[in-house]
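Sharing a structure here in structure tokens format.
The values are calculated or read from the model by the stated rules, or taken from the named source; none is laboratory data. What you see is a predicted model; the values in this text were computed from it and never measured. Cβ sites come from the backbone with ideal geometry, for glycine too, and all protein chains shown count toward neighbours.
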Amino acid sequence: MTVPAVSAVIVAAGRGIRLGSDRPKALVPLAGRSLLQRSAERLCSTNAIDELVLVVPPGHADDPTVLAAMDAVIATGTPCLVVEGGAERQESVLRGVTRSQAGDHRLVMIHDAARPMVSREDVKRTLDRAAETGAALLAHPATDTVKQVSDDLRVERTLNRRDVWLAQTPQVFRRRQLIEALEAAASCGITLTDSASALERHGVAVTLVEASAPNPKITTAWDLERAEAGLASNSHNGPMAMRMGLGSDLHRLEPGRPFVLGGITLDHHAGPVGHSDGDALLHAIADALLGAAGIGDIGELFPDTDASIAGISSSEILRQVLRQVRSAGFVIGNVDATINLQQPRLGNKKIEMRDHIANLLGLPTPSRVCIKAKTGEGVDAIGRGEAVGAQAIVSLAALTDRRDVSATEDDLR
Ligand code: MG
């Protein structure tokens, strides 16, 4: 077996509490691909990495999102290994580095999954610098004035801004030195927020490489929104880059049929008649998506003359529509929909539908979807309880990076 010259370790073990997601941060999608996968693909695309170790949250080694990231790495021809992380970041780093195959004096690159936009050029520059000096990290100079404060936020002194740099990743070290430094820090019970600190404590000289491009760390939902907006820029595609789509649907209700709406089964004596499960809300959303992307309607894609799709779940229809919309180069902004239904009353079911739809569409937060409901006031087929209707409007933004357009089945959980 050949020994890799540079092993990269992507640390993805954070819980992501500040992101407000119920999933670990690195597994949250950014325009359809997880932060973990995007970071891994970014490092692989430099052609400077011989091996990649993904350190994932405990219990998530078999998560489909982790496996999708691993497949994406392997597809580039880079060997990939998944390791479960520990309670603290430095423990996770140590586990990843220990499992890497790089020789003791070779280089190991540590990168945060939460920095998926790092410039390929900066990755290579950091690596080149570490090859010269043995330890280097990407950083950027402070631009704000920096105050040192007490616990009660009283300013103690103003630091000289010229002396203050903010550490990013990647950080690159000699493998043996990094392991020794991390073990020494662990044996003293010291918690560190980056790997370079361990080397500094260990007396190793560490050099900075100034970042030449933004390399934001995605920590909050706002960071995620901003990163997604950065991937979908109006400037590249002109004024038509933001697009809207409208969809509506109506299904007759018949006694004794299951009532699926918004992907949720409702408790009712009647349910919609349809070639599929008759989910009017998902059909309206699917049509709105197709309309915004300019690629037709669900009647064309899923004709009721096609016996092979009889009884198909509308959640599956929406998944397939999403795949087409992504392939056409779009990312979803938001979905707004209204259900027209006399009975049953929906109450909290609207929240369940919203969460189901946001998850189906791979949206970073459920707040990108709004589901409202109206009765028919007893005046028409809906009002008499004979039908269910829905209207939806969606916004799409065009992706600028053609790599983001190559949506694969792996994108869709
Ligand atoms: Mg329909």
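Hey, among the residues in segment 252-262 that are surrounded by fewer than 24 Cβ atoms within 10 Å (Cβ to Cβ) and either of a type outside the set (A, V, I, L, M, F, W, C) or modelled with pLDDT under 95 (or both), which one's nearest to the ligand (Cβ to nearest atom)?
Filtering first and then ranking leaves ARG252.
Restricting the search to segment 290-299, which residues are part of a helix (DSSP H, G or I), free of Cβ contacts under 8 Å to residues at least 40 places away in the same chain and either away from the ligand (no atom under 13 Å from the Cβ) or under 28 Å from the mean Cα position of the chain (by Cα) (or both)?
ILE298
Residues in segment 86-97 that are part of a helix (DSSP H, G or I) and in contact with a Leu (Cβ under 9 Å, 6 or more places away or on another chain): how many?
Final tally of qualifying residues: 7.
Same structure again: Since TRP222 meets every condition but one in (1) modelled with pLDDT under 95; (2) buried (at least 17 other Cβ atoms within 10 Å of the Cβ), which condition does it not meet?
(2) is the only condition that TRP222 fails.
Just one of ASP336, ASP279, ASP304, ASP287 is closer than 26 Å to LYS374 by Cα, within 16 Å of the ligand (Cβ to nearest atom), free of Cβ contacts under 8 Å to residues at least 60 places away in the same chain and of a type outside the set (Lys, Arg); which is it?
From the options ASP336, ASP279, ASP304, ASP287, the qualifying one is ASP279.
Sticking with this one: Taking LEU81 as the residue in question, decide whether it is of a type in the set (A, V, I, L, M, F, W, C), closer than 15 Å to LEU36 by Cα and in contact with a Cys (Cβ under 8 Å, 6 or more places away or on another chain).
Considered against the rule, which asks whether it is of a type in the set (A, V, I, L, M, F, W, C), closer than 15 Å to LEU36 by Cα and in contact with a Cys (Cβ under 8 Å, 6 or more places away or on another chain), LEU81 comes out as no.
Residue under question is PHE330, and the condition is that it be buried (at least 18 other Cβ atoms within 10 Å of the Cβ), within 16 Å of the ligand (Cβ to nearest atom) and either in contact (Cβ under 8 Å) with a residue 40 or more places away in the chain or not small (Gly, Ala, Ser) (or both); does it hold?
no
Take VAL83 and decide whether it is closer than 30 Å to GLU225 by Cβ and part of a strand (DSSP E or B).
Here the answer is no, as VAL83 does not meet what is asked.
Hey, does segment 306-317 have a residue that's farther than 19 Å from ASP336 by Cα, outside any loop (DSSP other than H, G, I, E, B) and of a type outside the set (A, V, I, L, M, F, W, C)?
Yes, the conditions are met somewhere in segment 306-317.
Go through (1) assigned to a strand (DSSP E or B); (2) away from the ligand (no atom under 16 Å from the Cβ); (3) in contact (Cβ under 8 Å) with a residue 40 or more places away in the chain; (4) more than 30 Å from ALA102 (Cβ to Cβ) one by one and return the number of the condition THR265 breaks.
So the condition that THR265 fails would be (3).
Another question, if that's okay. Is at least one residue of segment 113-120 in contact (Cβ under 8 Å) with a residue 60 or more places away in the chain and on the phi > 0 side of the Ramachandran plot?
For segment 113-120, residues in contact (Cβ under 8 Å) with a residue 60 or more places away in the chain and on the phi > 0 side of the Ramachandran plot: absent.
So ILE393 fits all but one of (1) crowded, with 18+ Cβ neighbours inside 10 Å; (2) over 18 Å from the mean Cα position of the chain (by Cα); (3) closer than 28 Å to THR65 by Cα; (4) β-branched (Val, Ile, Thr); what number is the exception?
(3)
Now for a separate question. Would you say SER212 is closer than 30 Å to ASP22 by Cβ and in contact (Cβ under 8 Å) with a residue 40 or more places away in the chain?
no
If you don't mind, another one. Step by step: first the residues of segment 325-366, then only those that are within 17 Å of LEU289 (Cα to Cα) and basic (Lys, Arg), then the one that is modelled with the lowest pLDDT. Which residue is that?
Only one residue tops the list, namely ARG326.
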